[in-house]
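Novice: Below are the structure tokens for one structure; questions will follow.
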Amino acid sequence: MAKEELISGNPLRVLGLDNKAEAATQSLGLVMARAGLGKTAILVQIALDSMLRGNRVLHVAIGETIEKTRERYEDTLSKMVGDLSEEEIGELSRRRMIMTFKEHVFSRGMLEERLKDLIQQDVFAPDCLIVDGYDFDGNGRKHLEDLKQLMAELGIAVIWFSAVCHRDDPRVSADGVPAPCHTIDDLFEVILLIRPKDKVIKLDILRCAYCEVEPGTTLLLDPSTLLIQKS
Amino acid sequence: MARDLSKVRNIGISAHIDSGKTTLTERILFYTNRIHAIHEVRGKDGVGAKMDSMELEKERGITIQSAATYTSWKGHDINIIDTPGHVDFTIEVERALRVLDGAILVLCSVGGVQSQSITVNRQMARYRVPRIAFVNKCDRTGANPQRVTSQLREKLELNAHMIQMPIGLENDFDGIVDLVKMKAIYFDGDNGEILREVDIPAALADEAAERREALLEEISMFSEELMEAVLEGGDIDPALIYDAIRKGTLALEFTPVFVGSAYKNKGIQPLLDGVAAYLPCPTDVVNFALDLSKDEQEFRVTNHPDDKLIMLAFKLEDGRYGQLTYIRTYQGRLSKGDTVFNSRTGKKVKIGRLVRMHADEMEEIDSCGPGDIVALFGIDCASGDTFTAEGLAASMSSMHIPEPVISLAVIPVDNKAQTNMSKALNRFTKEDPTFRTYVDHETGETIISGMGELHLDVYIERMKREYKAEVQAGAPQVAYRETITMQSPFDYTHKKQTGGSGQYGRVAGYLEPLDEGEYEFVDAIVGGVIPREYIPSCDKGFQKSLAKGSLCGAAITGVRAVINDGASHSVDSSDIAFQLAAQGAFKEAYLKARPVIMEPIMKVAVEGPSEFQGSVMGSLNQRRGMIIGTVEEGTYTVVEAEVPLSEMFGYSTALRSLTQGKAEFTMEFATFKQVPKSISEELIKKYQAEKKGQ
């Protein structure tokens, strides 16, 4: 599959990310699921889609190693790709950078410092941030509002987060967004929830500010590859 | 009487440079009574440490070439290989790990897990070598073994736990608390040779009890008996604890951490106890050989002395006693006067003298058996060769050997130096598979290539010192490669008629890119249009063409040559005619196959205080580096990048000035990648100019 087809054929198109989310500044996206259901796999597909469309992506992995994160990108790309040339793959990797933090080390202040370093030293100016492993229990609304401000300052269009929800926590927002994000769901433009049901894994679109489909629409995940499919 | 293999330990000592592993080895030899005085690595007595037997090693204070030595401790026979720490010499580390059963990972209690430790750990994981960790230099300012243990868990992902704790640190480092025996140990006497085991000081008793509890909880998963004993409460038999730690260590699921200071003679004897208690004996480790009579099918070596002999030559040395070949025996017995077979060459070899090496001294022995590491005299072989008993076609699995990435020309200053240089190069290439040499036929220069600037520097020094070969070295050059990117046909006739018998040969077919491997020759000739006897000549002709590409003069790799048509002449065809025809065909097709230049790309890791992260990344970016990512550790950051080797010359100086000397970097070969167009054009232009100038 050529690059153009990879972009146009991507089921993520229904989210309208390409023409709206990244054009509007400071959008926040969220992928939620219970532990081990494939949040990172979804984030990596969103990142790759953004990279294929020419954006630069900074993947912030909290509590994960560079090698494992890099492997995820390589694995996912190899599953997605038909015939991207080596040159195109090389070009794609140049649009990605991985920044890992130990859990106890990560703070908004440190992320800000590092981001400014990257941009001001002209090393890497990301259009999209992927933040995997962010602690929503320990950081509230204020942190996210600060982050939105930082995005405006640094010209970052979109940040995607992952969040873990728990089976035994019944709290949900009016839109069905589970805890711990149920009280801050208004800050996100797109919210996806991974939900296993009867041997299939569904990807519910709980909120979608730019969607071409109605909220409540569902995508599917291939259980073996965790690639997003149209339902 | 059969040797008790459960009492044999083959261990390596690996670590980051300057972690003190040579000092540690020196102390081990002293406490096991193999040497009777202690000499420091850079000692004032001018003797140097025992294991650093090469002149150069003594002078630079680093271990360049591993030396094997044998010692014994409380009834256990221990073979130790002291391994180098610099990344340029990792082939030595890898070879040692290939033949060893277990290892001590030495770490500096101040520096902690540094970049080279990560490389070494990766190598150990590749060869599934169980390890114990020794946190050295607890007497140094800033020593923090607890932090180092956390780093072992976080950076190396080892399930590391301290089984000892220090009594005091830095200047106050007095001894250790053994958390298994729950005793304090002090090291008395002039050289710490007298162990005094007493009750744990009251001030440390609570901490020790807490740590022991955490340790027991961790290791009880390896032993049901221990788990039951822990649940029941009361005194626990130390034997149960030793057993659980051993099981965890052998399964590579647990890494016991020891503490001490080799320089201050503290903590070495308990570490030796640990080697005996927790590291595997030869029968604990599963090793495989390849059955050459069954298409290289893997089979498990038996470790049994009565089975047919299999042994691996893992190191050659040309020392004061002549050529020494270090071998590891995997099964069977070898005695003086035996005849064995070299699996690679098929040649018979008679075993003359058999010795156990103790650094640069040796002990004559009559025979050796499974698990032994010994040295042989006067055997002609290469490193990595397998020797077997007659009738057994087997080879130990091949070692992972990286391609050289850097080369330079060496020019002998006179005729005597020329002769000596040849001898030296012949020896070095046999000793070290990552060190290669060839003569550039166009310039007539001898080119040496290897894994880094330091690697080649050391061999040049050795040529001068050991072989009295004075040479001038050229500037280091990157080992570029050329390869093709598309299929290209050829149909070439070599015809020469100048009186007497002529030359005639026609070859047709195509060249195409080969995804894996360097070169492949495919004979698709039908109907005998090229007689069978000339097919190898075609192959030979193509191979000759690969030596030097026409773009920048680099070796050509990744080519499949397929011949499917041709013609011959009953009188004028010959071996040389078809070789020349193939060379002509290659030349014809090569430029049409869109050749490109490939360059070695290095994986670079720069580790330093976080405040310099931005400038470090900037410096790598300027060098055409691709930043893969950063690891935030708190106060310091590791930047990982892939950078072309050609851009890394002089980087250590640049990094020093950028970071006030506070950052360090390691690099290792990652892959070959096509050079950007602008650089390719420059290289081609340069090569053309050089050719014209000749």
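The values are calculated or read from the model by the stated rules, or taken from the named source; none is laboratory data. Since we're looking at a predicted model, the values are computed, not measured. Every residue, glycine among them, receives a Cβ derived from its backbone with ideal geometry; neighbour counts consider all protein chains shown.
Novice: Quickly run through the stretch A:34-68 and pick out the residues that are free of Cβ contacts under 8 Å to residues at least 24 places away in the same chain and either surrounded by 21 or more Cβ atoms within 10 Å (Cβ to Cβ) or farther than 23 Å from A:Pro178 by Cα (or both).
Specialist: Going through the stretch A:34-68, the residues free of Cβ contacts under 8 Å to residues at least 24 places away in the same chain turn out to be A:36, A:67-68.
Residues satisfying the conditions are A:Glu67, A:Lys68.
Novice: Do you know which of the residues in the stretch A:114-143 that are in a helix (DSSP H, G or I) and within 11 Å of chain B (Cβ to nearest Cβ) is surrounded by the fewest Cβ atoms within 10 Å (Cβ to Cβ)?
Specialist: The first filter runs over the stretch A:114-143 and keeps only residues in a helix (DSSP H, G or I), leaving A:114-120, A:141-143.
With the extra rule that they be within 11 Å of chain B (Cβ to nearest Cβ), the set shrinks to A:114-120.
Numbers: A:Arg114: 20, A:Leu115: 22, A:Lys116: 14, A:Asp117: 21, A:Leu118: 23, A:Ile119: 18, A:Gln120: 12.
Only one residue tops the list, namely A:Gln120.
Novice: Next up: If B:Ala589 satisfies all but one of (1) more than 14 Å from chain A (Cβ to nearest Cβ); (2) within 27 Å of the chain's Cα centre (by Cα); (3) part of a helix (DSSP H, G or I); (4) crowded, with 19+ Cβ neighbours inside 10 Å, what's the number of the condition it fails?
Specialist: Of the numbered conditions (1) more than 14 Å from chain A (Cβ to nearest Cβ); (2) within 27 Å of the chain's Cα centre (by Cα); (3) part of a helix (DSSP H, G or I); (4) crowded, with 19+ Cβ neighbours inside 10 Å, the odd one out for B:Ala589 is (2).
Novice: Right, next: Would you check if there is a residue in the stretch A:69-92 being more than 19 Å from the chain's Cα centre (by Cα), free of Cβ contacts under 8 Å to residues at least 12 places away in the same chain and part of a loop (DSSP other than H, G, I, E, B)?
Specialist: yes
Novice: Now a separate question. For the stretch A:44-68, give me each residue that is in contact with a helix residue (DSSP H, G or I) (Cβ under 9 Å, 6 or more places away or on another chain) and in a helix (DSSP H, G or I).
Specialist: A:Val44, A:Gln45, A:Ile46, A:Ala47, A:Leu48, A:Asp49, A:Ser50, A:Met51, A:Leu52
Novice: Taking the stretch B:513-548 on its own, how many of its residues are outside any helix (DSSP H, G or I), closer than 13 Å to B:Tyr590 by Cα and in contact with a Lys or Arg (Cβ under 8 Å, 6 or more places away or on another chain)?
Specialist: So the count comes out to 1.
Novice: Among the listed residues B:Glu253, B:Glu298, which satisfies the condition of being at pLDDT below 95, in a strand (DSSP E or B) and surrounded by fewer than 16 Cβ atoms within 10 Å (Cβ to Cβ)? Talk me through it step by step, then tell me what you get.
Specialist: Working: B:Glu253 fails: in a strand (DSSP E or B).
Exactly one residue qualifies, and that residue is B:Glu298.
Novice: Just to be sure I understand, how many residues within the stretch B:520-543 are closer than 19 Å to B:Val596 by Cα and either in contact with a helix residue (DSSP H, G or I) (Cβ under 6 Å, 6 or more places away or on another chain) or hydrophobic (A, V, I, L, M, F, W, C) (or both)? Steps first, answer last, please.
Specialist: If we filter the stretch B:520-543 for residues that are closer than 19 Å to B:Val596 by Cα, which is where we start, we get B:520, B:542-543.
Going one step further and asking which of them are either in contact with a helix residue (DSSP H, G or I) (Cβ under 6 Å, 6 or more places away or on another chain) or hydrophobic (A, V, I, L, M, F, W, C) (or both), we end up with B:542.
Residues meeting the conditions: 1.
Novice: Within the stretch B:615-633, is there a residue that is closer than 26 Å to A:Glu74 by Cβ, within 8 Å of another protein chain (Cβ to nearest Cβ), hydroxyl-bearing (Ser, Thr, Tyr) and not in a helix (DSSP H, G or I)?
Specialist: Just the residues of the stretch B:615-633 that are closer than 26 Å to A:Glu74 by Cβ, to begin with: B:616-617, B:620-621, B:623-633.
Those left that are additionally within 8 Å of another protein chain (Cβ to nearest Cβ): B:617, B:621, B:626-633.
Filter once more, keeping what is hydroxyl-bearing (Ser, Thr, Tyr): B:630.
Next, from what is left, pick out any that are not in a helix (DSSP H, G or I): B:630.
The answer is yes, given that some residue of the stretch B:615-633 is closer than 26 Å to A:Glu74 by Cβ, within 8 Å of another protein chain (Cβ to nearest Cβ), hydroxyl-bearing (Ser, Thr, Tyr) and not in a helix (DSSP H, G or I).
Novice: Follow-up question, since we're still on this one. Do you know which residues across the stretch B:273-286 are surrounded by 22 or more Cβ atoms within 10 Å (Cβ to Cβ) and either touching a Leu at 6+ places or on another chain (Cβ under 7 Å) or farther than 17 Å from B:Lys247 by Cβ (or both)?
Specialist: B:Pro282, the sole residue that qualifies.
Novice: Checking the structure you have, find out if any residue of the stretch B:273-293 is without any contact (Cβ under 8 Å) to a residue 24 or more places away in the chain and within 26 Å of the chain's Cα centre (by Cα). It would help to see each step written out before you state the result.
Specialist: First pass over the stretch B:273-293, keeping only residues without any contact (Cβ under 8 Å) to a residue 24 or more places away in the chain: B:286.
Filter once more, keeping what is within 26 Å of the chain's Cα centre (by Cα): B:286.
Scanning the stretch B:273-293, I find at least one residue that is without any contact (Cβ under 8 Å) to a residue 24 or more places away in the chain and within 26 Å of the chain's Cα centre (by Cα), so the answer is yes.
Novice: Oh, and also: Would a scan of the stretch B:280-291 turn up a residue that is touching a Pro at 6+ places or on another chain (Cβ under 9 Å) and under 26 Å from B:Gly20 (Cβ atoms)? So that I can check it myself, show each step before the final result.
Specialist: Going residue by residue through the stretch B:280-291, those that are touching a Pro at 6+ places or on another chain (Cβ under 9 Å) are B:280, B:282-285.
Narrowing further to those that are under 26 Å from B:Gly20 (Cβ atoms): B:280.
So far as the stretch B:280-291 goes, yes, one or more of its residues are touching a Pro at 6+ places or on another chain (Cβ under 9 Å) and under 26 Å from B:Gly20 (Cβ atoms).
Novice: I've got another one for you. Would you list the strands (runs of 3 or more DSSP E) that sit entirely within the stretch B:445-498 and hold 2 or more residues that are surrounded by 19 or more Cβ atoms within 10 Å (Cβ to Cβ)? Quick ask: steps written out before the conclusion?
Specialist: On the way: elements: B:446-450, B:471-473, B:481-484, B:488-496.
Hits in the stretch B:445-498: B:446-450, B:481-484, B:488-496.
Novice: Please go through the stretch A:102-113 and pick out each residue that is facing chain B (nearest Cβ under 9 Å) and either of a type in the set (Gly, Ala, Ser) or touching a helix residue (DSSP H, G or I) at 6+ places or on another chain (Cβ under 7 Å) (or both).
Specialist: Once the filter is applied, which keeps residues that are facing chain B (nearest Cβ under 9 Å) and either of a type in the set (Gly, Ala, Ser) or touching a helix residue (DSSP H, G or I) at 6+ places or on another chain (Cβ under 7 Å) (or both), the stretch A:102-113 yields only A:Lys102.
So that you can scan it fast, the table gives a plain yes or no per residue for (1) modelled with pLDDT of 85 or more; (2) assigned by TED's automatic domain parsing to the domain that holds B:Ala133; (3) part of a loop (DSSP other than H, G, I, E, B):
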position: B:Asn10; (1), (2), (3): yes, yes, no
position: B:Ser14; (1), (2), (3): no, yes, no
position: B:Ser19; (1), (2), (3): no, yes, yes
position: B:Thr23; (1), (2), (3): no, yes, no
position: B:Ile28; (1), (2), (3): yes, yes, no
position: B:Asn33; (1), (2), (3): no, yes, yes
position: B:Ala37; (1), (2), (3): no, yes, yes
position: B:Glu40; (1), (2), (3): no, yes, yes
position: B:Gly43; (1), (2), (3): no, yes, yes
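Novice: Further question: Out of everything in the stretch B:515-555 that is basic (Lys, Arg) and either in contact (Cβ under 8 Å) with a residue 24 or more places away in the chain or touching a Cys at 6+ places or on another chain (Cβ under 7 Å) (or both), what residue ends up being nearest to B:Glu681 (Cα to Cα)? Working first, answer last.
Specialist: Step one: of the stretch B:515-555, the residues basic (Lys, Arg) are B:532, B:540, B:544, B:548.
Going one step further and asking which of them are either in contact (Cβ under 8 Å) with a residue 24 or more places away in the chain or touching a Cys at 6+ places or on another chain (Cβ under 7 Å) (or both), we end up with B:540, B:544, B:548.
Numbers: B:Lys540: 30, B:Lys544: 25, B:Lys548: 17 Å.
By that ranking, first place goes to B:Lys548.
Novice: Could I ask something else about it? For the stretch A:58-80, which positions are away from chain B (no Cβ under 11 Å) and polar (S, T, N, Q)? Break it down stepwise before answering.
Specialist: Of the residues in the stretch A:58-80, the ones away from chain B (no Cβ under 11 Å) are A:71-72, A:74-80.
Residues satisfying the conditions are A:Thr76, A:Ser78.
Novice: Considering each residue of the stretch B:634-653, count those that are modelled with pLDDT under 90, within 9 Å of chain A (Cβ to nearest Cβ) and under 24 Å from the mean Cα position of the chain (by Cα), and give that number.
Specialist: Looking only at that region, the number is 1.
Novice: Among residues belonging to the stretch B:595-608 that are out of contact with any helix residue (DSSP H, G or I) (no Cβ under 9 Å at 6 or more places or on another chain) and within 13 Å of chain A (Cβ to nearest Cβ), point out the one that is modelled with the highest pLDDT. Break it down into steps so the answer makes sense when it comes.
Specialist: Of the residues in the stretch B:595-608, the ones out of contact with any helix residue (DSSP H, G or I) (no Cβ under 9 Å at 6 or more places or on another chain) are B:595, B:598, B:603.
With within 13 Å of chain A (Cβ to nearest Cβ) added as a condition, the list becomes B:598, B:603.
Numbers: B:Met598: 93, B:Lys603: 88.
This residue is B:Met598.
Novice: A follow-up question, please. Assess whether A:Asp168 counts as being within 14 Å of chain B (Cβ to nearest Cβ), in a loop (DSSP other than H, G, I, E, B), among the charged types (D, E, K, R) and surrounded by fewer than 14 Cβ atoms within 10 Å (Cβ to Cβ). Give the steps one after another, and end with the answer.
Specialist: Numbers: within 14 Å of chain B (Cβ to nearest Cβ): no; in a loop (DSSP other than H, G, I, E, B): yes; among the charged types (D, E, K, R): yes; surrounded by fewer than 14 Cβ atoms within 10 Å (Cβ to Cβ): yes.
So A:Asp168 does not fit the description; no.
Novice: Let me ask something else. Quick check on my filter: what residues within the stretch A:81-101 are more than 7 Å from chain B (Cβ to nearest Cβ) and among the hydrophobic types (A, V, I, L, M, F, W, C)?
Specialist: A:Val81, A:Leu84, A:Ile89, A:Leu92 - these are the residues of the stretch A:81-101 that are more than 7 Å from chain B (Cβ to nearest Cβ) and among the hydrophobic types (A, V, I, L, M, F, W, C).
Novice: Now a separate question. When you scan the stretch B:66-79, do you find a residue that is modelled with pLDDT under 75 and within 28 Å of B:Ala663 (Cα to Cα), even just one?
Specialist: Yes: the stretch B:66-79 contains one or more residues that are modelled with pLDDT under 75 and within 28 Å of B:Ala663 (Cα to Cα).
Novice: Check every one of the strands (runs of 3 or more DSSP E) wholly within the stretch B:164-244 and list those with 3 or more residues that are surrounded by 14 or more Cβ atoms within 10 Å (Cβ to Cβ) and assigned by TED's automatic domain parsing to the domain that holds B:Arg27.
Specialist: Details: elements: B:164-167, B:175-178, B:183-188, B:194-198.
So the answer is B:164-167, B:175-178, B:183-188.
Novice: Right, something else. For A:Ile191, only one of the following conditions fails: (1) among the β-branched types (Val, Ile, Thr); (2) in contact with a strand residue (DSSP E or B) (Cβ under 7 Å, 6 or more places away or on another chain); (3) surrounded by fewer than 18 Cβ atoms within 10 Å (Cβ to Cβ). What is its number?
Specialist: It fails just one condition, (3).
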